[in-house]
Amino acid sequence: MRWFPLLLTTLFFANPALAITGSAPIESSENRHEVMIVGSGGTFCTGAAIARDVVLTAAHCVMPRSDYKVIEFNPVREPYFIDVRTVVRHPKFSLSDLLGHRATADVALLKMAAPLPQSVSPAVMGEGPAPKPGDEYTIRGYGVAVRGDGKTGGTLRSARLAATGKPGNLQVRLVDATTGGIKAGLGACTGDSGAPVYREAVLVGVVSWSTAPKLEQGCGGLTGVTPLALYLSWIVTTASKLRTAP
């Protein structure tokens, strides 16, 4: 299988007509949990607020020796930036495992220098029931609608996907049930790394990678998810420490 973390090196803001991959709906900018994260190296990811000043994302989105900011928009879609003060990746995260197609602790926390705006509310986290093939999940991200076209990124979209293969607490693979991963369908794409994965409105995972149909490189086939079940204790404890740190 050929798949890749969903980082983006160039982002332009526009109002594309497409979606995460395909024709997923555009989400409201109000009363949401999701935020857009950019790095000094030109990277672009998605995250979810779990407190007024703490964001959960994928560990591979926040590599050492880079600075990060969250992008927000005013009512007329003009961007402004919120500094990230501290980045903490899970201690068991391994980039080599991720790139070697092995499951790893691909989760990280960002402590903001200032509270997020009122339009962003903290998500409720949980393990959710044990995943089974056919179970439905919702992903929401700011990634591109068309792979390789940065102009189609920067708008929050959602997709309803189904678990496939043998899902477990190390990894869940999602697919557009209408295409089965054989033809291009909905799914995460570049810039959706770290995007929250919901089961009945509960945050249960983050997006880590994707494939094109038939397991080729790209988007619109499988969406790989790192479940939170094994890492919830670390997330809660670390977030608490970040919130109380000076």
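Computed from the coordinates by the stated procedures, all read-outs in this text should not be read as laboratory data. Predicted, not measured: the structure shown is a model, and the values here were computed from it. Note that each Cβ is placed from the backbone with ideal geometry, even for glycine, and that neighbours are counted across all protein chains shown.
Tabulated data
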quantity	calculated
Footprinting exposure proxy for CYS45, CYS189 (fewest neighbouring C-beta atoms within 10 Å first)	CYS45, CYS189
In Hz, Karplus ³J(HN,Hα) per residue of the stretch 105-121 (6.51, -1.76, 1.60; θ = phi - 60°; x = Gly, Pro)	7, 7, 9, 8, 10, 10, 9, 7, 6, 8, x, 5, x, 5, 5, 10, 10
Span per principal axis, largest first, for the Cα atoms of the stretch 39-90 (Å)	36, 25, 17
Whole-percent pair-distance distribution, where bins are 5 Å wide, for the alpha carbons of the chain	1, 7, 16, 21, 22, 17, 10, 4, 1, 0, 0
Centroid-to-centroid separation of the stretch 107-127 and the stretch 141-162 [C-alpha atoms, Å]	21 Å
Loop trypsin sites (Lys or Arg not before Pro), the stretch 93-185 (other Cβ atoms within 10 Å of the site Cβ: 16 or fewer; DSSP)	ARG102, LYS183
Rg/Rg_ref, the stretch 124-246, where Rg_ref = 2.2 N^0.38 Å and atoms are Cα	1.08
Qualifying lysines (Cα of each under 19 Å from Cα of LYS132; at least 8 residues distant if same chain)	LYS166
Three-way shape call for the stretch 97-188 based on the alpha-carbon gyration tensor, with the a/c threshold at 1.5	oblate
FRET efficiency, 1/(1 + (r/R0)^6) with R0 30 Å, evaluated for GLU136 and ASN31 via beta carbons	0.85
GLN118-LYS214 FRET efficiency (beta carbon distance; Förster radius 41 Å; 0.05 resolution)	0.40
The stretch 78-85 - phi-based ³J(HN,Hα) in whole Hz, Karplus 6.51/-1.76/1.60, Gly and Pro as x	8, x, 9, 10, 10, 5, 9, 7
Contact order normalised by residue count of the chain, Cα under 8 Å, 6+ apart, percent	26 percent
Kirkwood hydrodynamic radius (C-alpha pairs) into Stokes-Einstein, the stretch 20-119, 37 °C and 0.692 mPa s, D in µm²/s	226 µm²/s
Qualifying lysines (Cα of each under 24 Å from Cα of LYS111; at least 8 residues distant if same chain)	LYS69, LYS92, LYS241
Gain on full stretching of the segment that runs from ALA177 to ARG52 - 0.36 nm per residue minus C-alpha separation	41.5 nm
Range in the chain, longest, excluding exposed GluC sites (Glu not before Pro) [loop by DSSP; at most 14 other beta-carbon atoms within 10 Å]	31-199
Cα→Cβ-extended label distance, 7 Å offset, between LYS166 and SER40, nm	4.4 nm
Helix-derived mean residue ellipticity, 222 nm - over the chain, DSSP H n ≥ 4, -39500 (n - 2.57), to 500	-2000 deg cm²/dmol
